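Everything on this sheet refers to the single structure shown next.
The values are calculated or read from the model by the stated rules, or taken from the named source; none is laboratory data. Remember, predicted model here, so these are calculated numbers, not experimental data. Glycine also receives a Cβ, built like all others from the backbone with ideal geometry; neighbour counts cover every protein chain displayed.
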Amino acid sequence: MRYVVGYSANARGRDAVNLAIALARRQNASLELVLVVPDDSPYNVVHPPAAGYQSILTDQAKLWLAEALTLIPVDVPAQTHVRKGESEASVLIAAAEEFGAGLLVIGAGSRGLFKRFTIGPVASALLHAATVPVALAPQGYGRTDPITRLTCGIGLREGAQDVLDVAAAAAGRRKLPLRLVSLVALDGGGAPEAAKAPREHADERLAAAVKDRVFHGVPVELAVAQGRSIEDAVDHLAWEDSEVLLIGSSRLARDNSLFLGSTANRILRSLPVPMIVVPRSYKSVAQRHGSIQSEEVNQ
Amino acid sequence: MSAEALRSKSSEKRPGEKGPSEKRSGGKGLSEKGLKAGSVGLIGAVVIGVSCIAPAYTLTAALGPTVAEVGVHLPAIFLVGFIPMLLVALGYRELNNAMPDAGTSFTWASRAFGPWIGWMGGWGLISATIIVLSNLAAVAVDFFYLMLAQLTANPGLADLSANLPLNIATTLVFIALACWISYRGMETTKTFQYVLVAFQLLVLGWFAVAAFSHVANGTAFDATAITPDWFNPFAVGSFTAFAAGVSLSIFIYWGWDVTLTMNEETKNPEKTPGRAATVTVVVIVVIYMIVALATLAFAGVGDTGLGAGNPDNQASIFAVLAGPVMGPFAILMSLAILSSSAASLQSTFVSPARTLLSMGHYRALPKKFGRISPAHKSPSYATIASAVAAAAFYIITRTVSENALWDTITALGMMICFYYGITALACVWYFRAEAFRGIRAFLFKFLAPLAGGVILLVMFVKTAYDSMDPAYGSGSNVGGLGLVFILGMGVLLLGVVLMFIMYKVQPAFFKGQVLEKSSQVFDPDV
């Protein structure tokens, strides 16, 4: 398994590298660090012409990547790449496709003072167009130890099964305990009775989701989180430092690409742990390989 | 295998990768051109060229000061002024092909003449771009308030621009905004450039037609009949006026050379740049001639009222003339000039920033100038330093001079003559081994840049000498010395002082340990 890491030589890039290491260690993945340098548009008229800036920039990019390699422990194999393009997001997506990467890791934080996730423009663009799962490292993510639990957000709508498939496969592959969470927002009111109905509905939804499903022998825990808002519900849930939240992209997304729905967006804003967003109808590399292998066995 | 070796298998190139082009020219190992091939056609290249020249801004800034020097012979000077620009640009193209480098004049002059002249060449380029930044911002601010006045039909708002503290504050805001956009690395799109250029040309054409119809209807301010004499450069009264006019008209063509140096980004690198340069210059000369003739025919060169010779009108001629000529549509002129100067302001920031960065990179300046922003991949320290310098230059000029825009434009003309002159001679010297090895090399690498360089340096010395006169330019002076001289020479002297400080602090560059002096070796196979 290869992960593409969108690297930049700042705190955001380091967050991404740390998360990539933590995820890679669990399943011996290798990292492809990609640093995107902007391509000069000829219409961005520079006068007097300064043609050689790109070479200085490329040299600097190689230096930055060399520094980045020193951040990566010896047990995680890593390679670096300098790529040019007008849009950082599209270059990263192209790189992920070229390497057959199973995951695209980026640092999501920018200068959000109070919120852990304030989405930068690149992260935002990726979340609307990526064709592979995107892992977002929150600001200041410093852990590089392997992750210990996978939490999967189960939504109300069609497509929830897809993300559960991916979560089950990912947890099975990494031998990670899996927690399935349904988030319930109770707008206004506050009467305990009012909370009952949605809560019960959420319980039913979780029960339905896990029914008839094989979990490859990993422990599964069910949880319902509620709060005045989605953000509040996320805050009420207990999070381990070393876990990762997996959620599906919006039903508005085209097949095999991401589109972060409004709920996911709100989760993102209050989440203390990294989040992986899975494209709609996405089949992980292992799932695809799995089906091929079983066919071979049948023959 | 060691862990280090395992992890350092950094792959920079793979098949099909859109990686950095490793194409290097002339074996100089200086740098590589990074622009995508095959993206700009002839029309695109012409649009880029015209946009670089920014004719609406250029005319409003330079028409007045040029008329003040040469009167009705403005069309002649505009035509003659193109010749040294053409000659120098040919040399510029040869250097750009042989040594594409972010430092341009700085790097080329260092290669040809060694670190000291190279440093001053870079300094001249940086100064010229810093000065034009402050002028662009000031022109944008003038038209910003003028447009507010036109929008609200309240002429009082236009006078706000004359309020010194407010004017300086607004200009600083414009500079800061442009710096921020440039720092963030936001790019101008193709559509934006097409619209901007089309709009400028349309409005300038409209202005000319409106002015000529006033002349025909007898409603012009000072209807002046066009005579062939206007096109005769030898009829200009004195060499002083001629030199001043030529150094100003270098400014009006500044930016044209960009079309010649576009190669790899064009669809047909063999033909597109040359054709684009030709078409661009035809478009520009036609629009300049029409607008210059229209202005002179409508307003005359008198020094009262709307006359193009009136010192009050020099700073920004269209700010004064657009209303009487275009009537209610004058707001289009404000919009055209505001948009073109604001766009140029943002893109011009890139140039001094990259030259400063390059000088920092080659250790001709403190290392921090070579810093690149990790998030935006743009020169960080150098961009901000350029903005601070442009702001400081504007504050000084504005507080000392009654007519700051006029004086900055004249000083700018001088500065462009200085660094273009050095660059052109660097071309001659760098290619000296090839100079007499064929007609093409003789013309483009020797004769054209030599003639252009000599002309420009003569213009530079002559303008510098004349500008000592306290009556030169707007007539502002400090202690009996013309302000234009103080600005021009002061900036160059500051460069000399900084150069010696740098020599004391970081002698490596000045000892030729970073950029070695060299020249193109004659290679009969090329």
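Residues checked against (1) modelled with pLDDT of 85 or more; (2) assigned to a loop (DSSP other than H, G, I, E, B); (3) on the phi > 0 side of the Ramachandran plot:
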site	(1), (2), (3)
B:237	no, yes, no
B:240	yes, no, no
B:260	no, no, no
B:273	no, no, no
B:278	yes, no, no
B:282	yes, no, no
B:295	yes, no, no
B:298	yes, no, no
Task: Among (1) under 19 Å from residue A:107 (Cβ atoms); (2) touching a Cys at 6+ places or on another chain (Cβ under 9 Å) - the single one residue A:12 does not satisfy - done: (2)
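Residues checked against (1) modelled with pLDDT of 70 or more; (2) assigned to a loop (DSSP other than H, G, I, E, B); (3) surrounded by 14 or more Cβ atoms within 10 Å (Cβ to Cβ):
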{"residue": "A:231", "(1), (2), (3)": "yes, no, yes"}
{"residue": "A:277", "(1), (2), (3)": "yes, no, yes"}
{"residue": "A:281", "(1), (2), (3)": "no, yes, yes"}
{"residue": "A:294", "(1), (2), (3)": "no, no, no"}
Task: Hits in region A:30-42 - residues which are over 17 Å from residue B:376 (Cβ atoms) and either surrounded by fewer than 21 Cβ atoms within 10 Å (Cβ to Cβ) or at pLDDT below 90 (or both) - done: A:30, A:42
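So is residue B:345 surrounded by 24 or more Cβ atoms within 10 Å (Cβ to Cβ) and modelled with pLDDT under 90 or not?
Against the criterion (surrounded by 24 or more Cβ atoms within 10 Å (Cβ to Cβ) and modelled with pLDDT under 90), residue B:345 qualifies.
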Open item on the list: Looking at residue B:246 and the list (1) buried (at least 24 other Cβ atoms within 10 Å of the Cβ); (2) farther than 30 Å from residue B:488 by Cα, which single condition is not satisfied?
Closed with: (2)
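So is residue B:178 out of contact with any Phe, Trp or Tyr (no Cβ under 7 Å at 6 or more places or on another chain), part of a helix (DSSP H, G or I) and closer than 30 Å to residue B:365 by Cα or not?
no
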Open item on the list: Whether any residue in region B:389-411 is part of a loop (DSSP other than H, G, I, E, B), in contact with a helix residue (DSSP H, G or I) (Cβ under 6 Å, 6 or more places away or on another chain) and not hydrophobic (A, V, I, L, M, F, W, C) is what I want to check.
Closed with: yes
- [ ] Of the conditions (1) small (Gly, Ala, Ser); (2) surrounded by fewer than 21 Cβ atoms within 10 Å (Cβ to Cβ); (3) more than 7 Å from every other protein chain (Cβ to nearest Cβ), residue A:9 clears all except one; give me its number.
- [x] (3)
Task: Hits in region B:182-201 (condition: out of contact with any strand residue (DSSP E or B) (no Cβ under 9 Å at 6 or more places or on another chain), touching a residue at least 40 places away in the same chain (Cβ under 8 Å) and more than 11 Å from every other protein chain (Cβ to nearest Cβ)) - done: B:199, B:200, B:201
Task: Long-range neighbours under 7 Å by Cβ, at least six apart or interchain, first residue closer than 13 Å to residue B:132 by Cβ within region B:387-414, second aromatic (Phe, Trp, Tyr) and in a helix (DSSP H, G or I) - done: B:409/B:251; B:412/B:251; B:413/B:251; B:414/B:460
TODO: Give the residues of region B:181-207 that are assigned to a helix (DSSP H, G or I), over 20 Å from residue B:46 (Cβ atoms) and among the small types (Gly, Ala, Ser), sorted by residue number.
DONE: B:182
Open item on the list: Condition first: among the hydrophobic types (A, V, I, L, M, F, W, C), in the same structural domain as residue A:142 (by TED's automatic domain parsing) and at pLDDT 90 or above. Can you find one or more residues in region A:43-63 that meet it?
Closed with: yes
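Consider residue B:48 carefully, then state whether it is modelled with pLDDT of 85 or more, surrounded by 24 or more Cβ atoms within 10 Å (Cβ to Cβ), facing another protein chain (nearest Cβ under 10 Å) and within 20 Å of residue B:270 (Cβ to Cβ).
Working: modelled with pLDDT of 85 or more: yes; surrounded by 24 or more Cβ atoms within 10 Å (Cβ to Cβ): yes; facing another protein chain (nearest Cβ under 10 Å): yes; within 20 Å of residue B:270 (Cβ to Cβ): yes.
Considered against the rule, which asks whether it is modelled with pLDDT of 85 or more, surrounded by 24 or more Cβ atoms within 10 Å (Cβ to Cβ), facing another protein chain (nearest Cβ under 10 Å) and within 20 Å of residue B:270 (Cβ to Cβ), residue B:48 comes out as yes.
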